[in-house]
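Working notes, structure below.
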Amino acid sequence: MSVLVLLLSVGAACCLGFGYVLQQDAARRAPLSDFLSPRLLFDLMRVPSWLAGLGLMVCGMVLGALALGQGEVSVVEPLLATNLLFAMALSRHRTGQSLGRQGWGGLCLLAGGVTAFLLAGEPRGGEAVTAPLRLWLVIGGVAGLAVVLTACARHPRTRGTPVLLGLAAGLLYGLQDALTRLSGERLADDGWTALLTGWQPYTVLVLGVTGLLLVQSAFEAGPLRMSLPALTAAQPLAGIVCGIGFLGDQVRTDTGALAWQAVGMAAIVAGIVLLGLHPAMPEGKDRHGSTAADRLMLDGPHESG
């Protein structure tokens, strides 16, 4: 793994983590009538803090795409999972909470899990899979699972809705990262004409917008500590599955290496959960007990119409 890939991936994680916190602070005030509706995005565009969060998120995605152009998905995705560290850092600054044993434990598990996975797996690039059946089976499996999770979360008052939507968005973002890498390879091999006449860049765009809507709906439906851990855990898992499934990424497959990779991924997920449940992460107000002022900030045009 090059220093450039490391810097780009960590920079992307920093922008994403800060961006998520700013976005959730605005989305939690959105009216329930906007839940899973494109109108939610148009309403949020009128909130400066949400636009700042969106800008940071876009910067994170651009840095992530540059990292994917230089390194394997199976390397970049675990590093992107550290966005939760930066989200908690900003939340901790806002709430004044100390890390404590839970925070330090989650941090060590997340950092140690990423290190263990990368050292044990030794991810390296290979030839992308050209068999359409395998490609579409992987894409269909990841996207299909995201659809099922979204369907189960269609009721905004269900307590598990933020978790389900976070998982669905994470799956789509992991798939988006893999297809971004595929688009970059197509551009490098065949040029802009081949890229713009292929399906990959347009699928990346659709996945990005759909993922954004799911994330904002998750932020709207519940506190950040419920949605962000699920999002952060699902994205690298989906990205690694896609990387090995159709991008040709290779990892060591001897028994010892596989065991340590499993331990590393389990530590990553456990660290994400511990950090996501840390008191420094904002709980937000009771979604259905927000003040009239909160609702008026976003719901004004609907009330008048």
Given (1) acidic (D, E); (2) open to solvent by 40 Å² or more (accessible area, probe 1.4 Å); (3) within 24 Å of G55 (Cβ to Cβ), where does D254 come up short, assuming only one miss?
(3)
State whether one or more residues within the range 134-155 are out of contact with any Ser or Thr (no Cβ under 8 Å at 6 or more places or on another chain), closer than 18 Å to A262 by Cα and open to solvent by 50 Å² or more (accessible area, probe 1.4 Å).
no
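Residues L205, L228, L195: which one is free of Cβ contacts under 8 Å to residues at least 24 places away in the same chain and buried (at least 16 other Cβ atoms within 10 Å of the Cβ)? If you could, list the steps in order and put the result at the bottom.
On the way: L205 fails: buried (at least 16 other Cβ atoms within 10 Å of the Cβ); L228 fails: free of Cβ contacts under 8 Å to residues at least 24 places away in the same chain.
The conditions single out L195.
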Filter result for L213 (open to solvent by less than 40 Å² (accessible area, probe 1.4 Å), farther than 19 Å from E77 by Cα and in contact (Cβ under 8 Å) with a residue 60 or more places away in the chain)
yes
Just to be sure I understand the filter: pairs with C-beta atoms under 9 Å, separated by 6 or more residues or on different chains, first member in the range 85-99 and under 22 Å from G112 (Cβ atoms) and among the aliphatic types (A, V, I, L, M), second member modelled with pLDDT of 75 or more and surrounded by fewer than 16 Cβ atoms within 10 Å (Cβ to Cβ). Which pairs pass?
L85/A111
Quick one: is L165 in a helix (DSSP H, G or I), surrounded by fewer than 17 Cβ atoms within 10 Å (Cβ to Cβ) and not aromatic (F, W, Y)?
no
Find the helices (runs of 4 or more DSSP H) located wholly in the range 12-124 whose residues include 2 or more that are open to solvent by 40 Å² or more (accessible area, probe 1.4 Å), and list them.
39-44, 48-70, 83-95, 100-121
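The values are calculated or read from the model by the stated rules, or taken from the named source; none is laboratory data. Model, not experiment: these values are computed from the prediction. Cβ sites come from the backbone with ideal geometry, for glycine too, and all protein chains shown count toward neighbours. When the accessible area is computed, the model is the full protein with side chains, heavy atoms only, and any ligands, DNA or RNA have been set aside. Shrake-Rupley method; radii C 1.70, N 1.55, O 1.52, S 1.80 Å.
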